[in-house]
1. Where the centre of each part is set by its Cα atoms, how far does segment A:174-245 sit from segment B:237-288, in angstrom?
2. Let me confirm the definition first: pairs of Lys residues in the protein assembly as shown, 8 or more apart or on different chains, C-alpha distance under 14 Å. How many are there?
3. Using θ = phi - 60° and the Karplus curve 6.51 cos²θ - 1.76 cosθ + 1.60, what whole-Hz ³J(HN,Hα) does each residue of segment A:55-61 get, with Gly and Pro shown as x?
4. For peptide A:50-63, how many partner chain Cβ atoms fall within 10 Å of a residue's Cβ, on average?
5. Please label the shape of the protein assembly as shown as rounded, prolate or oblate, based on the square roots a ≥ b ≥ c of the eigenvalues of the alpha-carbon gyration tensor (a/c under 1.5 means rounded; beyond that, a/b larger than b/c means prolate, else oblate).
6. If you take each beta carbon of peptide B:52-60 and count the beta carbons of other chains within 10 angstrom, what is the mean?
7. Report the FRET efficiency, 1/(1 + (r/R0)^6), for B:A185 and B:W138, where r is their Cβ-Cβ distance and R0 is 22 Å, rounded to 0.05.
8. Working out 0.36 nm times the residue gap between A:S180 and A:I245, then minus their Cα-Cα distance, what length gain in nm do you get to one decimal?
Amino acid sequence: MTALPPPSARKLGLVIDLDTCVGCQACVTACKGWNDQGYGVPLSDQNAWGSEPSGTFLNRVHAYEVQPDTGPAQVVNFPRSCLHCENAPCVTVCPTGASYKRAEDGIVLVNEDACIGCGLCAWACPYGARELDGAAGVMKKCTLCVDRIYNENLPEADRVPACVRTCPTGARHFGDLGDSESAVSRLVAERGGYDLMPELGTSPVNKYLPPRAKGADERVDILAPLLDVKASGFAGWLDRLLEKI
Amino acid sequence: MHPAPSVIIFTVLSGAGFGLLFFLALGAAPVFGLAALLLWGTGYALAVIGLLASTFHLGNPQRALRAFTQWRTSWLSREGWASVGALLLLVPVALAAIAGGALPPVFGLVGAAFCLATVAATSMIYAQLKTVPRWNYWTTPALFLAFAATAGAILTGRNLPAAILSAALGVVLVLSFRLGDGRFARRGASLGTATGLGRLGAPRVLAPAHTSSNYLMKEMIHVVGRKHSRRLRWIAVIFASVLPLLIMLFVPPVPPVVAVAALLHLAGAFVARWLFFAEAEHVVGLYYGQRGPEGGTAGGG
């Protein structure tokens, strides 16, 4: 049913630290690697070795530059994936019931066997989190690695989304954002985690942590003492003379 | 948004078809026999061809029947029900007209209401999307209903209603262009809010997330051909509204005249619908630093 369930107590999601992300794309690769063989149809590529390669990815990392009012510009690497919104517009537009939000943990999923590939859910998502697979014609999106996080066949350390497990800088955190005492919720509270495009009213579960304030730009000029030279002797006499003219 | 031919054909033809069926159901053209067969046949053909065209943009059309399940929440599902309802409910009305008789008006009234509901539901598929600010406005249902009603009035050869509706369509078209131009800015979404980096300063795209295009960019970040939008707007208004208005005002509605007026109107409708998609900007374009001339930022054009 594509009606949204009442808000769940458990809200599983990601917290992404824009301060520590170095833009290495390891999460993109790990995501594609895991989800190519797990939940649903594989993430296909089209013309992978041609001049215009294209493919289905559930996670993309952008790079932006921010110019503050004062101080030097900052580079921010920005991973973008499904935010598992509480008020998910992609769910209610679905005509077949393929798109749904789980009542127990809030994960937004697609039942690919019921998807007709109309693409309306991708149109309804502000974040570009859904991509129609070019080969299978069904909608693909982040599953929060639902086939890892509850998988008791995996060692406990691996029961997190593939992107979180692989991140070499610890910029991605997974947990229950519905529990105010969870590690992720405390992180959001301490670091001022925020929602993307709050003006669209989607109430995302995933939060982003802003880059930390960088040190003030002191602009130390190491040549300054050398430039403050007083001429002496004949040059000093000339210097004083010329200033008087 | 990508102006996919299947979706343009679907919305224009099914809109015109249900508009015609609406007028026929209300008894606007009291015809019988062969003339009734021709008119009702045209209405059914337009509506059904349009609906079939809509399945061409599906990734898995063989599961299309599943689209009837979510009418409680989905406008696309509601559109499916309303269209099938209209087409089935009007079968006895059409057969009665072709046979030379008439059913009590209530049959036609119920069918006409379903025709109206179909076009309204189609328009709401687009109007509901907050992510496309140009569409997310009252002008979208007004536009779809005005197009359907105008086509229906012209095709049934009703001079006065057709002239009035053509004029009204022209006003709605111009309003949708003018008001639509400022909608994206008024939604308030920017690269600053999309990334949350607006709190630090002015963000700009430093490097793309991928080296060539992807589904998102092909489907939702269409910028090709917008340079002609001003000229195409004129063409849309002149063909869809002004020319049919003049013909309906000054020429008696004999069948060849009706056909010419209808074809001119449909040509305008196709141009207008192409613009409806091509000019609509999706907020996901912000992440790619790509908005059209309307946004005035890099990447447009």
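The values are calculated or read from the model by the stated rules, or taken from the named source; none is laboratory data. The model shown is predicted, which means the values in this text are computed figures rather than measured ones. Neighbour counts run over all protein chains shown; Cβ positions are idealised from the backbone, glycine included. Surface accessibility is based on the protein's heavy atoms, side chains included, excluding ligands, DNA and RNA. Shrake-Rupley method; radii C 1.70, N 1.55, O 1.52, S 1.80 Å.
1. About 55 Å separates the Cα centre of segment A:174-245 from the one of segment B:237-288.
2. Values: A:K11/A:K101; A:K11/A:K207; A:K32/A:K140; A:K32/A:K141; A:K101/A:K141.
Qualifying lysine pairs in the protein assembly as shown: 5.
3. Karplus-based 3J(HN,Hα) across segment A:55-61 equals x, 8, 10, 9, 8, 10, 10 Hz.
4. On the way: counts 1, 1, 3, 5, 8, 4, 2, 5, 0, 1, 7, 3, 12, 5.
Mean partner-chain Cβ count within 10 Å for A:50-63: 4.
5. On the way: a/c = 3.07, a/b = 1.67, b/c = 1.84.
It is oblate, given that a/c is not under 1.5 and a/b is not larger than b/c.
6. Numbers: counts 0, 0, 1, 2, 0, 3, 6, 13, 12.
Average neighbour count from other chains, rounded to a whole number: 4.
7. Numbers: r = 18 Å, r/R0 = 0.81.
Efficiency, from the Cβ-Cβ distance: 0.80.
8. Values: separation 65, 0.36 × 65 = 23.40 nm, distance 7.61 nm.
So the extension gain works out to 15.8 nm.
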